[in-house]
Structures are given as C-alpha cells and as structure tokens.
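The values are calculated or read from the model by the stated rules, or taken from the named source; none is laboratory data. Just so it is clear, the structure is predicted and the values come from calculations on it, not from any experiment. Here the Cβ positions follow ideal geometry from the backbone for every residue, glycine too, while neighbour counts run over all protein chains shown. With ligands, DNA and RNA removed, areas are computed over all heavy atoms of the protein, side chains included. Shrake-Rupley method; radii C 1.70, N 1.55, O 1.52, S 1.80 Å.
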Amino acid sequence: MSAETRHHQVAVIGTGVSGLYQLKRLIDLGVDTLALEADDDLGGTWYRNRYPGARFDSESYTYGYSFSKELLDEWHWKERFSSQPENLRYLNYVADKFDLRRHMRFGARVETLAWDEGERLWHLGLSGGETHTARFVVSGIGVLSVPALPSYEGMDDFAGESFHTYWWPKEPVALEGRRVGVIGTGATGIQVIADIADRVGELTVFQRRPNWSTPLNNSPISETEMAEIRARYDEIFANCAASPGGFEHTPDRRGFWNVSREERIAFWDQLYDRPGFAILSGNFPEIFFDEAANREISEYVAGRIRRRVDDPRLAEKLIPKDHGFGMQRLPLETRYFEAYNRDNVHLVDLSESPIERINEGGIQTRAGHHDLDLIVYATGFDAITGAFDQMQIRGVDGQLLGDKWRDGPSTYLGVLTHGFPNLLMVAGPQSVSGSTNFPRAIERGVDWVTELLEHAFAKGYSRLEAQPDAEREWVEEVVRVQEGLLLRRSKGWFTGYNANVAGHQEGKVRYQAYFAGAPRYREFLEKAAADGYPRIEKG
Ligand code: NAP
C-alpha cells in the first residue's frame, strides 16, 4: 500500500441516480464512504446525455427519489416527462440538500479493482495513478454508461463535427441551417430526430432497423397539479411498487382472448393517447408471450404509424418487420413520425444501401453520397455489463470479472457474484434495474445493499461472498423467465445485443436482466434479508 493510499470503509463508484442515494444512506449511518466519479461532476446519465430531446420517459414524479418527504414536498416537476437539464438540476439539488458533494471525488475514473484476500479489502486504482482501499465497494455505474460507436472506415476523416449522443458537448451545438446526419433509430435517435427536425437545414436519418415507437404524450405540470401529485405521493409509490414495470400503469388482466377484438382496439385507442408506457405496461400481458396476441398489437401500432406518415412507402420502412411490438425496449416519441412528412427530412434505409465509408464530406452509402456538416452517432451502448468490463476487476486468486462474464453475466440476485467478495452491485446485471422504472428499482437495490452492510457491520463480518449454488440458481431463474418471453431472442440491449460490441452480436444470447418484474424480484430480495442472507458466505 503506497503512502498516499487512502482507506475507506466503503467506496461507491459513480454519482448518478444510484450512487447519490447509496452515498446518502451510508452517510446517514455514519459510515466512512467516498464516492468516486469519472466525470467532472455528478449526475451520471443525466450529466452526460445532453443531446436535444433527451428527457424522461418515466413520469417525472415516479422517477424522483421517494426517500425524503421533505424533498418530495419541495420539488416541483414542471413537465410530466422532464427534460435533461431539469433532471440534472434535480440531482444537484438532492446532492446539495443532503450535503453529499463533500463525499465525492470527480475526475476519479476507477480503472482497476483488485481484491486483497489477506487484508480483506479492495484496492482501487484511478486513472491518474491515485490509489484507495475500501473494505466494501458498491458499484453504481449505470446500465447505459459505455457508449458504443460503429467502426466505419474513414470516421476520423470527416471534416465536420461528429459525436456519440452520450458525448454531446456542453457548449451549444449549431444546428440551424446545417446538414445533419443521425445514425441510429433507438430511443435516443428517435428523441434527437423529432427534436431537431424543424431546426436543421437538412436532416438525413440512417436507419438500419426501424423501432416500434409510440407517443410520449408529454404535458406541463402546473402548481395545482403538482400539489395534487404531492398529496398522492404515497399512493403513487405504492402503485409503482405493485406494478411489474415500476410505473403507475398496471397490466390489464381481463385476458387478451376473453375480450372481443373490437374491445381490444377501443382499449388500445385509449392507451395510445395515454402518457408514457401505458400502451406497454398497461396492456394485456399476453402480448409479451403469446405470438398471436403480439402480432395483433403489432399490427395495431403499425396502423397508427401508417396514419401518421404521409408517404405509404416511407411508412412501411418505419414499421419493424423483424420483431414484434415490445420485443425491444420501447422508445417513446413526440411527433417523431410526423418529422418524416417534412421536406427537409430524409430516410436512408441501410438495409437496402449500407454505409460503405465515411469521408471528409459526409457518408457514402452503396446508393450514393450524403454531404453533411454534423454526424450524430445514436448507436447505443455496451449495455449492463459494459461498465464492469471497462474496469479491470480482479477477484479471488486474480480472476478477472471480464473472463468470468465473457459469455454473459452470472450473479446472485443481481447484487453479488461469486469470487468477488465485498463487491456489491446496485443496478447490477440480472437485476430488474434496466428493465423497469430505474429509480424505483435502484432505491430498493440500495436499501437492500445498505441493510446487508448494516448486518455485516453489526456482526463484525469483513467478508461477504455469494455461494456458487445460490448464483447458479439465480441464473437459472433469470434464464427461465427470459426463455418464457417472446423477447428472448430480440436484437436489443435488453438481451445484450449491440452490433458494435464484440461478443454482443447476433446469435449470442445473453441473460443480462431479470424480466419477471419488480414485485417478484423484491420477493427474492426480501426473503434473503428476512432469512439472514443464508446464501451469502459471511466471515
Ligand atoms: P439502442 O436502443 O441500442 O439503439 C441504437 C441504434 O443504433 C439502433 O437503431 C441500431 O440499429 C443503430 N445502430 C447501431 N450501430 C449502427 C451502425 N453501425 N449503423 C447503423 N445503425 C446502427 O440505443 P439508444 O437509442 O441509445 O437507447 C438505449 C437505451 O437508452 C434505450 O433503450 C433506453 O433504455 C435508454 N434511453 C432512454 C431514454 C428516455 O427516454 N429516458 C432516451 C434515450 C435512451 P440496429 O437496431 O439495427 O442495431
């Protein structure tokens, strides 16, 4: 241990939504905790994703923290689906209100984590060479924090500006009158395209596969409405806790086939106009596992797209044909499809004319050249496990976590992984954090980790490690649930797919998230805690 190495009882990695709350809980307990943040300020996802159109697609008042009544009473969400600048202001407000900043270190990228069995602690190596040790490490590194760029020839030759949406600059980016190309039509691309379509000179969308997308139906929240929301917070959070997705929307359990087709259509007409994920989370659960039910809802949503796009040929290109509705993470949009009715918006279908290379002036596809001033890469993330792979994490006997997880993650309850003692993951792989309303899941995750740590402190344990059998059984549960769903082979980040990331391409199924819903997941967590964590080796 070098002279400069500082020791902490707990090191938290990340100061996004998870890290902030984890820090708050530990500080309240009087635990010596340091939060290490790679960026130069707090906020995680909401610090980074500054692209135009970035906003919640969870209702703002279900996304905010629930742990402090005072905070709930003070904060006014101005929009049902609040935008990135406001969300970042909120997280800063939380950090300042609870005086968390002084426990954070910015520009502190953890590059290595090495387990020291003799001392029972983790050695943390930072990018600048600084070192720390901690008895316990809690990761709050997010599920979508490692952006993935494609590897087209000539990307560096482009003379204009270009960046991944995650790295959208803090400084204003000129859009007016410029020729902008957007590559990617996931939730991010869809938000960007809809937001900038009427602000840029020409907008060319490079679409490889279309995504299903339905209206966000955003609206402002007045003082009066906010007062009503505040009065209802207990009920709101109870509703979220009871629903699989962690939203206020609850599945319709009348039975898809017990309801006439006319009634289903009338029901979907209502859902389509409701805010947020109602059409997904408030729908019949059968759409997720019954192919005929999924075909019908897909055809319904396709019909809505056809009604919104003037050119029928273009409409067909915007309708997914290779996967059903809800089989990949659903992007929500605001006048996205109408953007294509504008004369300055052009769709390039990469399935017909793939990108051949990027050059100084723009993008060359097989069909022709597109002159551009700005290229926006909305090409997704090395999701869920990417941020773990980015650090070199060596556990017992020097085993690399990246090696252990080469073919996909393996965890106990999404929180621990055998061979890596005292490493506790919030929003870890095979938890529900990625697949449900994020803060609702992480609050539960942080509470569970904190209670486990309290238990360890009270009993004087200095080592916690998941039993291999417990981990095997949890992975079996994760696999069983995913295999029962139509999304099991989907080409989306939920199932670990990203064509830009080695080992995550087509044909490699990964079991990265638990899809049985938040209430079921919570049952496992609660039982483990109530039983005194019997599947965790303690010493
Ligand atoms: P994504 O869903 O993974 O989408 C990436 C897009 O880029 C896909 O359309 C993909 O096409 C395309 N792409 C990737 N490589 C390409 C290449 N080489 N050439 C052409 N196209 C390429 O990523 P994302 O849109 O950033 O969204 C990720 C997740 O972030 C979302 O699902 C959501 O959970 C979260 N998010 C949330 C919000 C919000 O409202 N709160 C907003 C944005 C994002 P293929 O499908 O063909 O691979």
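In the stretch 100-121, the condition of being small (Gly, Ala, Ser), open to solvent by 60 Å² or more (accessible area, probe 1.4 Å) and out of contact with any helix residue (DSSP H, G or I) (no Cβ under 7 Å at 6 or more places or on another chain) is met by at least one residue.
When the strands (runs of 3 or more DSSP E) confined to the stretch 123-211 are screened for residues that are touching a Ser or Thr at 6+ places or on another chain (Cβ under 8 Å) and of a type outside the set (Ser, Thr, Tyr), those reaching at least 2 such residues are found at 131-139, 179-183, 202-207.
Among the residues of the stretch 444-492, the one identified as touching a Pro at 6+ places or on another chain (Cβ under 7 Å) and either acidic (Asp, Glu) or within 16 Å of the ligand (Cβ to nearest atom) (or both) is GLU465. Within the stretch 170-197, the set of residues being free of Cβ contacts under 8 Å to residues at least 60 places away in the same chain and either crowded, with 24+ Cβ neighbours inside 10 Å or in contact with a Leu (Cβ under 7 Å, 6 or more places away or on another chain) (or both) is empty.
Applying the criterion of being more than 14 Å from the ligand (Cβ to nearest atom) and in a loop (DSSP other than H, G, I, E, B) to the residues of the stretch 65-85, the residue that is most open to solvent (accessible area, probe 1.4 Å) is LYS78. When the stretch 49-64 is limited to residues that are more than 17 Å from VAL446 (Cβ to Cβ) and aromatic (Phe, Trp, Tyr), the one that is farthest from the ligand (Cβ to nearest atom) turns out to be TYR61. Take the residues in the stretch 124-156 that are in contact with a Leu (Cβ under 9 Å, 6 or more places away or on another chain) and polar (S, T, N, Q), then tell me which one is nearest to the ligand (Cβ to nearest atom). Checked the stretch 124-156; the qualifying residue nearest to the ligand (Cβ to nearest atom) is SER139. So, ALA197, is that one more than 20 Å from the chain's Cα centre (by Cα), small (Gly, Ala, Ser) and at negative phi or not? Yes; evaluated as a whole, the condition is true for this residue.
Restricting the stretch 249-264 to residues that are more than 17 Å from ARG522 (Cβ to Cβ) and surrounded by 11 or more Cβ atoms within 10 Å (Cβ to Cβ), which is modelled with the lowest pLDDT? So the residue we want is HIS249.
Look at the stretch 474-503: where a residue is at pLDDT below 95 and a partner is within 14 Å of the ligand (Cβ to nearest atom) and acidic (Asp, Glu), sitting 6+ places away or on another chain with Cβ atoms under 7 Å, you get LYS491/GLU506; TYR497/GLU506; ASN498/ASP382; VAL501/ASP382.
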